[in-house]
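> The structure is given below, and queries will be raised subsequently.
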Amino acid sequence: MPQKLLKSTHYIELGSYQYWPVLVPRGIRLYTYEQIPVFLKENPYITDGYRAYLPSRLCLKSLFILSNETVNIWSHLFGFFLFFTLGVYDMTLVLPSANASREDHVIYSICLFCFQVCMLCSVGFHLFCCHRSEKTSRRWMALDYAGISIGILGCYVSGVFYAFYCNNVSVVILV
């Protein structure tokens, strides 16, 4: 292995006795639970693999390293692309072949958009929760909660629309 790669290789503990080499960009270090700041100490059962004290640029670079947030980041990013692909496929092929109304298109678009916002907010939180500023980390957490609320709103809007779909009566206001 070249000397430059050896300098950037860190060993992280996976399990009780196994150590795995992980290539980490310069400036990023993985910490144990005892070494991280108090605002990151939410789960004492996750003992290592924490990213901490990073500026925004290194938070973005940490997207490609193995840490305790890797699965959260990539599963939500995959979810975003899944909902995007589903939306394009359904809006161009499925809904037109089912003779869906304009309202169906709008409600379906709102629902999928809300899910995509939820996934992106979650990606942002899990990516930037390791920021060196507690204030920035807390703001990303608040944005994550807002994204979850928006995702729930998408479920609610489509649920109410389709729950009363059979009562599709034109409303005429008589003056």
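The values are calculated or read from the model by the stated rules, or taken from the named source; none is laboratory data. Just so we're clear, the structure is a prediction, and the values are computed from it rather than from any experiment. For neighbour counting, all protein chains shown are included, and Cβ atoms are generated from backbone atoms with ideal geometry for every residue, glycine included.
> So for segment 94-102 (the condition being surrounded by fewer than 17 Cβ atoms within 10 Å (Cβ to Cβ) and farther than 30 Å from PHE161 by Cβ), does at least one residue qualify? Let's see the steps before the verdict.
As a first pass, look at segment 94-102 and keep what is surrounded by fewer than 17 Cβ atoms within 10 Å (Cβ to Cβ): 94-102.
With the extra rule that they be farther than 30 Å from PHE161 by Cβ, the set shrinks to none.
For segment 94-102, residues surrounded by fewer than 17 Cβ atoms within 10 Å (Cβ to Cβ) and farther than 30 Å from PHE161 by Cβ: absent.
> A further question on this structure: Would you call SER122 hydroxyl-bearing (Ser, Thr, Tyr) and more than 13 Å from the chain's Cα centre (by Cα)?
Taking the combined requirement at face value, the residue does not satisfy it.
> To continue, here is another question. Can you name the number of the only condition in (1) in contact with a strand residue (DSSP E or B) (Cβ under 8 Å, 6 or more places away or on another chain); (2) modelled with pLDDT under 90; (3) surrounded by 11 or more Cβ atoms within 10 Å (Cβ to Cβ); (4) not charged (D, E, K, R) that MET1 fails?
Condition (3) is where MET1 drops out.
> Identify, from the list SER137, SER97, SER158, the residue that is hydroxyl-bearing (Ser, Thr, Tyr) and closer than 21 Å to TYR50 by Cβ.
Only one candidate passes the filter, namely SER137.
> Yes or no: segment 75-85 includes at least one residue that is under 25 Å from GLY27 (Cβ atoms) and not assigned by TED's automatic domain parsing to the domain that holds THR32.
yes
> If you check every pair at least six apart or on different chains, which have Cβ atoms under 9 Å apart with a residue in segment 92-104 that is free of Cβ contacts under 8 Å to residues at least 24 places away in the same chain and on the phi > 0 side of the Ramachandran plot first and a residue that is among the hydrophobic types (A, V, I, L, M, F, W, C) and surrounded by 12 or more Cβ atoms within 10 Å (Cβ to Cβ) second?
none
> Out of contact with any Asp or Glu (no Cβ under 7 Å at 6 or more places or on another chain) and in a helix (DSSP H, G or I), is that true of HIS126?
no
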